[in-house]
1. Whether any residue in segment A:2-11 is without any contact (Cβ under 8 Å) to a residue 12 or more places away in the chain, surrounded by fewer than 19 Cβ atoms within 10 Å (Cβ to Cβ) and more than 9 Å from chain B (Cβ to nearest Cβ) is what I want to check.
2. Taking only segment B:104-158 into account, find how many residues are touching an Asp or Glu at 6+ places or on another chain (Cβ under 7 Å) and among the hydrophobic types (A, V, I, L, M, F, W, C).
3. So which residues in segment B:5-37 are open to solvent by less than 30 Å² (accessible area, probe 1.4 Å), modelled with pLDDT of 95 or more and in contact with a Leu (Cβ under 6 Å, 6 or more places away or on another chain), if there are any at all?
4. I'd like to check which strands (runs of 3 or more DSSP E) are fully inside segment A:9-89 and have at least 1 residues that are over 22 Å from B:I14 (Cβ atoms).
5. Name the helices (runs of 4 or more DSSP H) wholly within segment B:2-77 that hold at least 2 residues that are more than 16 Å from A:M78 (Cβ to Cβ)?
6. Against the condition touching a strand residue (DSSP E or B) at 6+ places or on another chain (Cβ under 8 Å) and either away from chain A (no Cβ under 14 Å) or not hydroxyl-bearing (S, T, Y) (or both), how does B:V281 come out, does it pass?
7. Give me the pairs, please: first residue somewhere in segment B:427-451 and farther than 22 Å from B:E377 by Cα, second residue anywhere and open to solvent by 70 Å² or more (accessible area, probe 1.4 Å), beta-carbon distance under 8 Å, and either six or more positions apart or on two chains.
Amino acid sequence: MHAIITVVGRDTVGILAKVSALCAKHNVNILEVTQSILQDMFCMIMLADVSACNVPFTALADEAEALGKELGLSINAMHEDIFNSMHRI
Amino acid sequence: MINTHDILETINMIREENLDIRTITMGISLLSCADSDIHASCGKLYEKICRRAEHLVETGENIEREYGIPIIHKRIAVTPISMLVAASGGDPVLYAKTLEKAAQTVGVNFIGGYSALVHKGFAAGDEALIESIPEALAETEHICSSVNIGSTKAGINMDAVATMGKIVRRAAECTADKGCIGPAKLVVFCNAPEDNPFMAGAFHGAGEPDCVINVGVSGPGVVRAALQKIPNGNITDVADTVKKTAFKITRVGQLVAKEAAKRLDVPFGIVDLSLAPTPAVGDSVAYILEEMGLEQCGAHGTTACLALLNDAVKKGGVMASSHVGGLSGAFIPVSEDAGMIAAAQNGTLTLEKLEAMTAVCSVGLDMIIIPGDTSAEIISGIIADEAAIGMVNSKTTAVRVIPAIGKNVGDTLHFGGLLGYGPVMHVNPASPAKFIGRGGRIPAPIQSLKN
């Protein structure tokens with residue numbers, strides 16, 4: 001299963017490092033990363049393979065959200081299918 | 001990978017614009033539970049609901065967290081209980097209490113189906129069930145009731161219309177100490193759909209499979225936000241924008257419905273493409289109409305805006321789902337919509353305007369608070385008018401009005417939660433008592449002869 005991890009907020013040092021460290025800790029393989037500044041906001045999107053994740057995906061999503069709170073950012077980890085179904089026919 | 005803009009759009013819809021799946025509703029047939037002994041029947045009913053819906057709430061919560069989309073309600077719709085009463089006899093309230101126990105065991109927040117279908121006349125069990133509705137709603141918390149009193153094919157059962165006026169009043173009187181909550185859980189239908197996942201009118205029709213998953217989507221806030229981006233677009237642009245947005249919303253509903261059906265090993269039934277408001281600011285259908293250019297919902301032009309909205313929602317949604325059903329369109333429940341509440345409070349939105357709007361919305365007069373001294377005959381008159389609109393236009397219409405016992409125009413009634421609050425609205429006091437007292441049946445209209 002693939003997941004999309006999004007990070008939106010004010011740019012600071014080490015965001016990418018901390019999010020990828022979380023992925024590595026749970027054996028989540030990052031497949032693709034895009035990063036940009038949109039409407040003055042830092043915005044990073046990761047496509048990750050979570051099929052070998054060592055915790056249930058919902059636990060990973062909770063941890064990502066908590067990390068976001070800690071860093072003052074909005075971090076979401078969501079199943080890729082919700083984006084595919086909404087934007088692809 | 002999908003582009004950044006699309007990903008952020010989806011996240012923004014969920015986080016900022018209140019996009020949610022309003023309900024996953026499991027339809028369960030109780031025909032196999034019918035027994036000539038009411039206690040045996042209740043025992044089988046309880047066992048079947050608990051077995052079928054054992055994992056419903058948990059599955060809904062897991063999908064919610066994995067996909068990051070809130071799923072507000074997990075609910076159950078059952079076979080109209082009047083059909084079980086027909087076999088068992090006895091006091092129907094026993095069924096209501098058993099359903100209540102089952103709702104608490106499986107953790108759903110409503111079970112719909114304390115219902116009777118009497119559009120052409122009363123069969124065994126129907127009258128007993130209808131008579132028991134006020135008591136059943138007063139003695140339970142999680143049970144919803146509905147009665148279908150008319151259809152395009154059958155006409156309108158005016159005896160049932162007369163009875164339902166009295167039942168709505170009694171339901172309010174029996175719950176006067178609980179904010180008159182009884183009639184907020186009671187819908188009087190014309191052309192009731194058998195697969196509607198939304199409460200209070202959900203029941204599991206006789207033509208449905210043994211068990212099925214139906215999903216109701218929502219998202220008025222998303223539609224309004226999309227329209228805010230085209231402040232100077234013409235009405236064709238408005239319709240196209242609503243269509244595109246409805247498509248996206250419905251795709252999420254389809255995804256959740258299929259996933260829930262797969263995990264619960266139950267067939268997927270339908271997605272109901274409805275814009276269902278909540279009292280939360282930013283989750284209002286009235287605000288969409290105002291975004292189209294009305295000073296306030298209820299102004300002249302409202303019916304036209306609503307017709308456009310209702311049609312565009314269906315056109316956008318229908319391609320996004322493999323099976324569309326239920327009510328599908330825009331709901332206009334007054335007490336559950338911040339914009340409608342405001343418009344009713346300052347008198348822009350009247351009962352007469354709402355009646356006109358129901359000719360083009362997806363259901364009917366919904367969550368309207370009326371003076372506590374409104375007579376049963378006047379309530380029956382409201383029901384008859386609404387049913388006539390549904391019958392002639394081959395659409396579902398419904399009446400869910402709440403007589404606010406002890407209150408009058410200018411007062412406010414609070415239900416709490418998603419049922420919201422609202423002002424007591426003015427009702428035309430002229431009496432239709434003689435018309436209602438005649439009884440009989442309004443013949444099916446010429447539109448019914450399509451064969």
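The values are calculated or read from the model by the stated rules, or taken from the named source; none is laboratory data. Owing to the predicted nature of the structure, the values given are computational and were not obtained by experimental measurement. Every residue, glycine among them, receives a Cβ derived from its backbone with ideal geometry; neighbour counts consider all protein chains shown. The protein model used for the area step is the full one, side chains on, heavy atoms only, and it has no ligands, DNA or RNA in it. Shrake-Rupley method; radii C 1.70, N 1.55, O 1.52, S 1.80 Å.
1. Taking segment A:2-11 first, the residues without any contact (Cβ under 8 Å) to a residue 12 or more places away in the chain are none.
For segment A:2-11, residues without any contact (Cβ under 8 Å) to a residue 12 or more places away in the chain, surrounded by fewer than 19 Cβ atoms within 10 Å (Cβ to Cβ) and more than 9 Å from chain B (Cβ to nearest Cβ): absent.
2. Of the residues in segment B:104-158, 4 are touching an Asp or Glu at 6+ places or on another chain (Cβ under 7 Å) and among the hydrophobic types (A, V, I, L, M, F, W, C).
3. B:M26, B:L30, B:C33 - these are the residues of segment B:5-37 that are open to solvent by less than 30 Å² (accessible area, probe 1.4 Å), modelled with pLDDT of 95 or more and in contact with a Leu (Cβ under 6 Å, 6 or more places away or on another chain).
4. On the way: elements: A:29-38, A:41-49, A:74-79.
Of the strands (runs of 3 or more DSSP E) lying wholly inside segment A:9-89, those with at least 1 residues that are over 22 Å from B:I14 (Cβ atoms) span A:29-38, A:41-49.
5. On the way: elements: B:4-15, B:38-52, B:56-67.
Output list reads B:38-52, B:56-67.
6. Working: touching a strand residue (DSSP E or B) at 6+ places or on another chain (Cβ under 8 Å): no; either away from chain A (no Cβ under 14 Å) or not hydroxyl-bearing (S, T, Y) (or both): yes.
So B:V281 does not fit the description; no.
7. B:A444/B:K153; B:S448/B:K153
Yes/no matrix, rows are residues, columns are (1) over 14 Å from B:T4 (Cα atoms); (2) within 10 Å of chain B (Cβ to nearest Cβ); (3) in contact with a Phe, Trp or Tyr (Cβ under 7 Å, 6 or more places away or on another chain):
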site: A:L16; (1), (2), (3): yes, no, no
site: A:L22; (1), (2), (3): yes, no, no
site: A:V33; (1), (2), (3): no, yes, no
site: A:S85; (1), (2), (3): yes, yes, no
